[in-house]
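Working notes, beginning with the structure itself.
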Amino acid sequence: MLEVRSLTKFFGGLGAVVELSFQVNQGEIFGLIGPNGAGKTTVFNLINGFYHPSSGNILFKGEPITHLKPSVICERGIARTFQVVKPLSRMTVLENVMTSAFLRVNSLNEAEEEALKTLEFCTLIHRKDHLAKSLTIGDRKRLEIARALATRPQLILLDETAAGLNPAELDQAIDLIRKIRHQGITILIVEHIMKVIMSISDRIHAINYGQTIAEGTPQEVANNKAVIEAYLGEAYA
């Protein structure tokens, strides 16, 4: 579904992403991991058009999307969440999701119907009339996902969805991600919390300094010497 080919992004003389290549298959949960500063969010920003690459290509369902605008890429079927959630704070939860639904529908009634259905799916329906700024961090994370889902994506990019959650909320986040996959939506996820990424991913791609260091099943990546060294240091590897 998604193919990243020799993707490179320089900021001045700094190579944030260097010759990165991977493929995400339709229907899978594909994890992207790496220590802080490895370039993970930069990869997301390149995929959804926030940044343009210095070189390399990105293909979605076989078609190049490398230099398209974020709005066009979303229309093509790629949605994303953000590491730092920023809902429309003075609008209600329902109104937040309705704004996203307008990508696919043309009337207020259709947008409300789509938003209500999405909030029910994300177990946020009981918060629909609350102002977004009043939500807890756990509910804000789910609202972020609901806003992305309301665009009816075929591929969703989840950027640290579990960050800041307590143990009970972590379990809820894992359940929600699995539910999204069961809806037929392909998932590319960046996550630091190993409990999440190792329990839900079909395959994991590990990067450091913007370059690939490993790819494989969660078990293979967890036991990879280069991955252990990148996270814990050479002594542990």
**Study point:** Among the candidates K179, K133, residue that is closer than 26 Å to P218 by Cα and surrounded by fewer than 22 Cβ atoms within 10 Å (Cβ to Cβ)
**Key:** K179
Study note, to complete from the structure: Residue hits (the range 119-133; out of contact with any Ser or Thr (no Cβ under 6 Å at 6 or more places or on another chain) and of a type outside the set (A, V, I, L, M, F, W, C)) are E120, T123, H126, R127, K128, H130
Exercise for review: Go over the candidates I137, I189, I197 one by one and state the one that is touching a strand residue (DSSP E or B) at 6+ places or on another chain (Cβ under 6 Å), within 30 Å of L94 (Cα to Cα) and at pLDDT below 95.
Suggested key: I197
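Among the residues of the range 1-13 satisfying the criterion of being within 16 Å of the chain's Cα centre (by Cα) and in a strand (DSSP E or B), which is nearest to Y231 (Cα to Cα)? Steps first, please.
Taking the range 1-13 as the starting set, the residues that turn out to be within 16 Å of the chain's Cα centre (by Cα) are 1-4.
From the residues that got through so far, the ones that are in a strand (DSSP E or B) too are 2-4.
Working: L2: 27, E3: 26, V4: 24 Å.
Within the range 1-13, the match that is nearest to Y231 (Cα to Cα) is V4.
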Check your understanding: From the list D171, D159, which residue is in contact with a strand residue (DSSP E or B) (Cβ under 9 Å, 6 or more places away or on another chain) and acidic (D, E)?
Key -> D159
Review point. Among the residues of the range 143-151, is there at least one that is part of a strand (DSSP E or B), surrounded by 15 or more Cβ atoms within 10 Å (Cβ to Cβ), touching a helix residue (DSSP H, G or I) at 6+ places or on another chain (Cβ under 7 Å) and among the polar types (S, T, N, Q)?
Key: no
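What tally of residues in the range 1-21 results from selecting those that are among the acidic types (D, E) and either closer than 18 Å to I213 by Cβ or not assigned by TED's automatic domain parsing to the domain that holds K40 (or both)?
Residues of the range 1-21 among the acidic types (D, E): 3, 19.
Subsequent filtering for residues that are either closer than 18 Å to I213 by Cβ or not assigned by TED's automatic domain parsing to the domain that holds K40 (or both) retains 19.
The number of residues fulfilling the criteria is 1.
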**Study point:** Hits in the range 38-81 (condition: exposed (fewer than 15 other Cβ atoms within 10 Å of the Cβ) and touching a residue at least 60 places away in the same chain (Cβ under 8 Å))
**Key:** K61
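Results for (1) surrounded by fewer than 21 Cβ atoms within 10 Å (Cβ to Cβ); (2) acidic (D, E), shown as yes or no for each residue.
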| residue | (1), (2) |
| --- | --- |
| L157 | no, no |
| E191 | no, yes |
| K195 | yes, no |
| S199 | yes, no |
| I204 | no, no |
| Q219 | yes, no |
| V227 | no, no |
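The values are calculated or read from the model by the stated rules, or taken from the named source; none is laboratory data. None of these values were measured; they are calculated from a predicted model. Reconstructed Cβ throughout: ideal geometry from the backbone, glycine too, with neighbour counts over all protein chains shown.
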